[in-house]
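> Have a look at the structure that comes next, please.
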Amino acid sequence: MRVFPVYAPKLIVKHARIFVSGAIWVKELGRLEFNNGRFLLPKQPQPEVKQAVIELNQLIQTQHSNEAKTA
């Protein structure tokens, strides 16, 4: 599990895309799990955690679509 002392979306997405599945810990948000390169929502997420997961998954999706355009 990697620990991120601050919420840095691009670094977090990079880590998730490299390792594909696992968990990270972000100081402000707590533990976030990802599988198949996508972040999973906890069963009862706090609003800021839910927003962060949505933002991270959107960033992953835009990177995938950019790679598809260049390929």
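The values are calculated or read from the model by the stated rules, or taken from the named source; none is laboratory data. All figures in this text were calculated on a predicted structure; none of them were measured in a lab. Don't worry about glycine lacking a Cβ; one is built from the backbone with ideal geometry, like all the others, and counts go over all protein chains shown. Areas reflect the complete protein model, heavy atoms only, side chains present, ligands, DNA and RNA absent. Shrake-Rupley method; radii C 1.70, N 1.55, O 1.52, S 1.80 Å.
> If exposed means no more than 14 neighbouring beta carbons inside 10 Å and the site is in a DSSP loop, what's the longest run of the chain without any exposed trypsin sites (Lys or Arg not before Pro)? Walk me through the numbers before you get to the answer.
Details: sites that count: LYS27, LYS43.
Excluding the exposed sites themselves, the longest stretch runs over 44-71.
> Could you report the chain's accessible area per residue, 1.4 Å probe, as an integer in Å²?
The answer is 70 Å² per residue.
> Related question: Treating the beta-carbon of each Lys and Arg as +1 and of each Asp and Glu as -1, no other charges, what is the dipole magnitude of the chain about its Cα centre, to the nearest 20 debye?
The calculation lands at about 120 debye.
> In addition: Based on the alpha-carbon set only, what is the convex hull volume of the chain divided per residue, in Å³?
Per residue, the Cα convex hull of the chain comes to 77 Å³.
> Oh, and also: At 1.4 Å probe size, with the rest of the protein present, what percent of the exposed accessible area of the chain is carbon and sulfur atoms?
Carbon and sulfur together cover 55 percent of it.
> Right, another one. May I ask for the angle, rounded to the nearest 10°, between helix 9-19 and the longest principal axis of the chain, with both axes built from Cα atoms and the value confined to 0 to 90°?
So the inclination is approximately 70 degrees.
> At a Cα cut-off below 26 Å, give the lysines reachable from LYS50, other chains included and same-chain residues fewer than 8 away excluded.
LYS10, LYS14, LYS27
> Additional query: Taking a probe of 1.4 angstrom, what is the accessible area of THR70 in Å², to the nearest 10?
In the full protein context, THR70 sits at about 120 Å².
> Based on DSSP H runs of at least 4 residues, each adding -39500 (n - 2.57), what is the mean residue ellipticity at 222 nm of the chain after dividing by all its residues, to the nearest 500 deg cm²/dmol?
So the calculated ellipticity at 222 nm is -16500 deg cm²/dmol.
> Also: Which angle between 0 and 90 degrees, to the nearest 10, do you get for helix 47-70 versus the longest principal axis of the chain when only C-alpha atoms count?
Roughly 10 degrees between the two axes.
> Kindly work out what percent of the DSSP beta bridges joining two residues of the chain are antiparallel, to the nearest 5.
The antiparallel proportion sits near 75 percent.
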